[in-house]
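Nothing in this text is a laboratory measurement; each read-out follows from the coordinates by a stated rule. Bear in mind the structure is a predicted one, so any value in this text is a computation, not a measurement. A quick note on method: Cβ atoms are made from the backbone with ideal geometry, for glycine too, and the neighbour counts reach across all protein chains shown.
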Amino acid sequence: MTPDTDATPLGDMLIYKSFTHADYNQTHDAMLARTLERIALKKEHGTRTPDELWVVDHNDVYTLGQAGKEEHILTHTDTPIIKTDRGGQVTWHGHGQLVLYWLFDLHSLGWGVRNLVSHAEQAIEDVLRELLAAETTDAAKLTARARRDAPGVYLYAYDDKGREIMLGKIASLGFKIKHGFSYHGLALNIDCDLAAFNAINPCGYAGMQMLRVADFVNLPAASNLTTNIVTQKLLANIAKRHAGEIILRAIDSDFA
């Protein structure tokens, strides 16, 4: 499998590649092969290769994580169900959803697994909060926030007493770490058909309401996910984190 475009630099040691109409198995095999290649280069020659972000537009597929339970698949449809090696339960990938795979050398970055997850969540928070604030004169009416008990990013609204009410989940996370190198990553619903989630308990949570950016933000027209404003802002934010220009925030204990 080859990317739709050549690798594009995002920093001194970070590039991104984009893939459209991507077959899940082919993409996974290519991602794993690249990770194993990087591991070998580092172990055998001490070579540090640039980290990679893969911007992927998948063909419709349900994926089940390593510890995934079949009981969370409520209805079998024509969409393939594939067992994979990431963490987490069952989720859906398809057109209109941004899948972003993080092929990172965590040891060289000085990151642990928790750092990786928090950087991914906080990058999504930053971008969504900026976009949501631009949609209203009262930025406090809606916010994006991660949860300690359930990886991913969720949208919250405020009631008239200032209390937060969770509306649903807008982004999911699932990583795999091999010899200090990460692969897999995040899935952010941009303008996809959310009906696909009705056939599963998303990420193993019965009744979890799934959301998409397009229902809360007026998105400019884009020819593909790579040129989408959400993708561009997210790539820029992650690049700054990779370069050490954005540090992790403390996790709010109120949402443990």
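Taken one residue at a time, the phi angles of the stretch 207-220 give Karplus couplings (6.51, -1.76, 1.60, θ = phi - 60°) of x, 5, 7, 9, 10, 9, 4, 4, 7, 10, 10, 7, 8, x Hz. Gly and Pro are set to x.
Counting beta carbons within 10 Å around each of Asp6, Asp85, Asp160 and listing the fewest first gives the order Asp160, Asp6, Asp85. When the charge dipole of the chain is built from unit charges on Cβ atoms (+1 for Lys and Arg, -1 for Asp and Glu) and taken about the Cα centre, the candidate among Ala146, Ile247, Pro9 whose Cα reaches farthest toward its positive end is Ile247.
For the stretch 185-256, applying the loop criterion from DSSP together with a ceiling of 14 other beta carbons within 10 Å to the trypsin sites (Lys or Arg not before Pro) yields Arg249. Among residues other than Asp126 with Cβ under 14 Å from its Cβ, the summed charge is +2 (Lys and Arg +1, Asp and Glu -1). Amide hydrogen proximity for Thr20: with H placed 1.01 Å from N in the peptide plane, the residues at 5 or more positions away or on another chain lying under 5 Å are Asp4, Asp57. Rounded to the nearest whole Hz, the Karplus-based 3J(HN,Hα) values (6.51 cos²θ - 1.76 cosθ + 1.60, θ = phi - 60°) of the stretch 77-92 follow the sequence 10, 6, 6, x, 10, 10, 6, 9, 9, 7, x, x, 9, 9, 8, 10, with x at glycine and proline.
Distance from the C-alpha centroid of the stretch 89-146 to that of the stretch 13-71: 18 Å, rounded to the whole angstrom.
Charged side chains reduced to their Cβ positions (Lys and Arg at +1, Asp and Glu at -1) give the stretch 142-204 a dipole of some 380 debye around its Cα centre. In order along the stretch 171-181, phi translates into HN-Hα couplings of 9, 10, 10, x, 10, 10, 10, 9, 6, x, 10 Hz, rounded to whole numbers, per the Karplus curve 6.51 cos²θ - 1.76 cosθ + 1.60 with θ = phi - 60° and x for Gly and Pro. Ordered by the number of other Cβ atoms lying within 10 Å of each residue's own Cβ, fewest first, Thr91, Thr84, Thr75 fall into the sequence Thr75, Thr84, Thr91.
The lysines whose alpha-carbon is closer than 25 Å to the alpha-carbon of Lys176, local same-chain residues fewer than 8 away aside, are Lys17, Lys42, Lys43, Lys69, Lys83, Lys233, Lys240. Taking every DSSP beta bridge that has both ends in the stretch 1-103, the antiparallel portion is near 55%. Comparing Phe181, Met208, Leu194 along the charge dipole axis of the stretch 124-216, the residue lying farthest to the positive side is Phe181, per the Cβ-charge model. Looking at the stretch 124-237 alone, DSSP beta bridges between its own residues are antiparallel in about 95 percent of cases. Under the criterion of Cα pairs below 8 Å and six or more residues apart, the relative contact order for the chain equals 20 percent. Remark: Trp102, Trp92 ranked as Trp102, Trp92, counting other beta-carbon atoms within 10 Å and listing the fewest first.
For the stretch 26-159, what does the relative contact order come out to in percent, with C-alpha contacts under 8 Å and a separation of six or more? Once divided by the residue count of the stretch 26-159, the mean separation gives 19 percent. Proximity of backbone amide H atoms, modeled 1.01 Å from N, is registered between Arg48 and no other residue at under 5 Å, excluding neighbours fewer than 5 places apart on the same chain.
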